[in-house]
Amino acid sequence: MGRESPPIVIAHRGASGYLPEHTLAAKAMAHAQGAEFLEQDIVLTKDNIPVVLHDIHLDTTTDVARFFPERKRTDGHYYTLDFTVAELKQLRVTERFNAKTSEAVYPNRFPVGGAPFQISTLEEELKFIQGLNKSSGRVAGIYPEIKQPAWHRKQGHDISSIVISILRRCGYVTREDPCWLQCFEFEEVKRLRTELDWQGRLLLLGDEFLLPKGLTKVAKFADGIGPPISSVISGTNPADRRVTDLVKNAHAIDLMVHPYTLRVDELPGVARSVDDLLSLLFTEAGVDGLFTDFPDVVVKWLEQSDE
Ligand code: CA
């Protein structure tokens, strides 16, 4: 009951293990690697255009500090919401770095500042993916995440309404369409399903509603949950690890489970190896999909395990 078969590979911010997150290059690579879904994190600009960025700040994935040094707020951050799309298009997107030390967060990945990448609007990215679907003959779905809707509304912007109007305009309307909409905020997931009448697939992220009582609440509005891997496999090392009841409990009420995030360069302590972790997640726990920075690794593992 409630199982996706076979499980799906979700390219977390694209093939972000190989190219800077949320660049079109990272999405093209993930598409070519065979990911079933490509993720978009979404924040709004000053002129209410949804753009594909993970943070409400621009500090750690762009050269904003060099371009607009005077535009930071008093808290020291540069907010996407303070810039127009035209301004954001002047920035270069880079591999994620630490704003204090300027060092790469993942030292073995693509070099910081290594190539002239740009910020994309949500609509640009969806058209890009649809173009790849056409030219490759293989449809990859989209997996948009509405970032911090409560914060956006406090700032006077209703990000969810804007995002779903673009999704609908681009052909993502019902559960049959290749789209999962995701959010960390339960109240917004509820609002998307009720007040905003979102008819497509919907997933709640995070670890707040994972006890059976919480799952029942979530199942009223959502089709799935996106918990951290640690909620599916508990423990700190291979000796004390345990598959929790989460997937079983979720499947019992028809909720899919798509945990985050598999990174081959940052494995959790419970894993002996990448293959070991994939086997725990897919074979032992029975998850329906997985967010990963390395779609090729998971695609290959699933192909081999299917033989
Ligand atoms: Ca995300």
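Only one residue of 15, 31, 62 has its Cα farthest out toward the positive end of the dipole of region 10-117, where Lys and Arg carry +1 and Asp and Glu -1 on Cβ, and that residue is 62. Using equal-weight Cα scatterers in the Debye expression, the normalised intensity of region 1-122 in log10 at q = 0.13, 0.22 Å⁻¹ is -0.53, -1.27. Listed values for region 236-246 are Karplus-derived 3J(HN,Hα) couplings in whole Hz (6.51 cos²θ - 1.76 cosθ + 1.60, θ = phi - 60°), namely 10, 8, x, 7, 10, 6, 8, 6, 7, 7, 4, and x replaces Gly and Pro. Three principal axis extents describe the C-alpha atoms of region 138-178; from largest down they are 39, 15, 14 Å. 3J(HN,Hα) along region 43-54, derived from phi through the Karplus expression 6.51 cos²θ - 1.76 cosθ + 1.60 where θ = phi - 60°, amounts to 10, 9, 8, 4, 8, 6, 9, x, 10, 9, 8, 7 Hz, with x in place of Gly and Pro. Other residues lying with their Cβ under 15 Å from the Cβ of residue 107 contribute a combined charge of -2, Lys and Arg counting +1, Asp and Glu -1. The alpha carbons of region 55-119 give a radius of gyration and a Dmax of 11.5, 34 Å, in that order.
Size of the dipole of the chain about the Cα centre, Lys and Arg at +1 and Asp and Glu at -1 on the beta carbon, nothing else charged, in debye to 20? Write out the running numbers ahead of the final one.
Working: 35 positive and 44 negative charges, 109 e Å.
That gives the chain a dipole magnitude of about 520 debye.
For region 187-250, averaging the sequence separation of C-alpha pairs within contact (under 8 Å, six or more residues apart) and dividing by the residue count gives a relative contact order of 29 percent. For residue 75, project a label point 7 Å along Cα to C-beta. Then give me every residue of region 83-101 with its amide nitrogen under 20 Å of that point. Taking a point 7 Å out along Cα→Cβ of residue 75, the residues of region 83-101 whose backbone N falls under 20 Å are 83-84, 97-101. Placing dummy labels 7 Å off each Cα toward the beta-carbon, the span from residue 168 to residue 253 is 2.8 nm.
Quick one: Cα centre-to-centre distance for region 204-220 and region 261-281, in angstrom? Comparing the Cα centres of region 204-220 and region 261-281, I get a distance of 24 Å.
Filter the cross-link list 27/190; 100/154; 127/190; 27/127; 190/213; 46/147 down to pairs whose alpha-carbon distance in this structure exceeds 18 Å.
Among 27/190; 100/154; 127/190; 27/127; 190/213; 46/147, the Cα-Cα distance tops 18 Å for 27/190; 100/154; 127/190.
Couplings 3J(HN,Hα) of region 285-297, computed from phi: 7, x, 5, 9, x, 8, 7, 8, 7, 10, x, 4, 5 Hz, in residue order, whole Hz [Karplus 6.51 cos²θ - 1.76 cosθ + 1.60, θ = phi - 60°; x for Gly and Pro]. Result for the chain in a Gaussian network model with C-alpha springs under 10 Å: among 131, 113, 226, the largest mean-square fluctuation is at 131. Checking every one of the trypsin sites (Lys or Arg not before Pro) in region 99-158 against DSSP loop status and a limit of 14 other Cβ atoms within 10 Å picks out 100, 138. Restricting the calculation to alpha carbons of the chain gives Rg and Dmax of 18.9, 57 angstrom.
Rolling a 1.4 Å probe over the heavy atoms of the protein chains gives region 1-114 an accessible area of 42 Å² per residue.
Rounded to the nearest 5, the antiparallel percentage of DSSP beta bridges internal to the chain is 30%. One compactness figure for region 217-269 is 1.26, namely its Cα radius of gyration divided by 2.2 N^0.38 Å.
What is the percent carbon and sulfur in the accessible area of the chain, measuring with a 1.4 Å probe over the protein chains and ignoring ligands?
Values: 6880 of 13350 Å².
The computed percentage sits at 52.
Just the ratio, please: alpha-carbon radius of gyration of region 167-307 over 2.2 N^0.38 Å, N its number of residues. List each step's numbers first, then the result.
Details: Rg = 15.8 Å, N = 141, 2.2 N^0.38 = 14.4 Å.
That works out to 1.09 for region 167-307.
Each other residue within a Cβ distance under 13 Å of residue 212 adds +1 if Lys or Arg and -1 if Asp or Glu, for a net charge of +2.
With +1 on each Lys and Arg Cβ and -1 on each Asp and Glu Cβ, how big is the dipole of region 45-169 about its Cα centre, in debye rounded to the nearest 20? Mind dumping the intermediate values first?
Values: 18 positive and 15 negative charges, 51 e Å.
Around 240 debye, computed over region 45-169.
The values are calculated or read from the model by the stated rules, or taken from the named source; none is laboratory data. These figures come from a predicted structure and were not determined experimentally. So basically every Cβ, Gly included, is an ideal-geometry build from the backbone, and we count neighbours across all protein chains shown. For accessibility, only protein heavy atoms count, side chains too; no ligands or nucleic acids. Shrake-Rupley method; radii C 1.70, N 1.55, O 1.52, S 1.80 Å.
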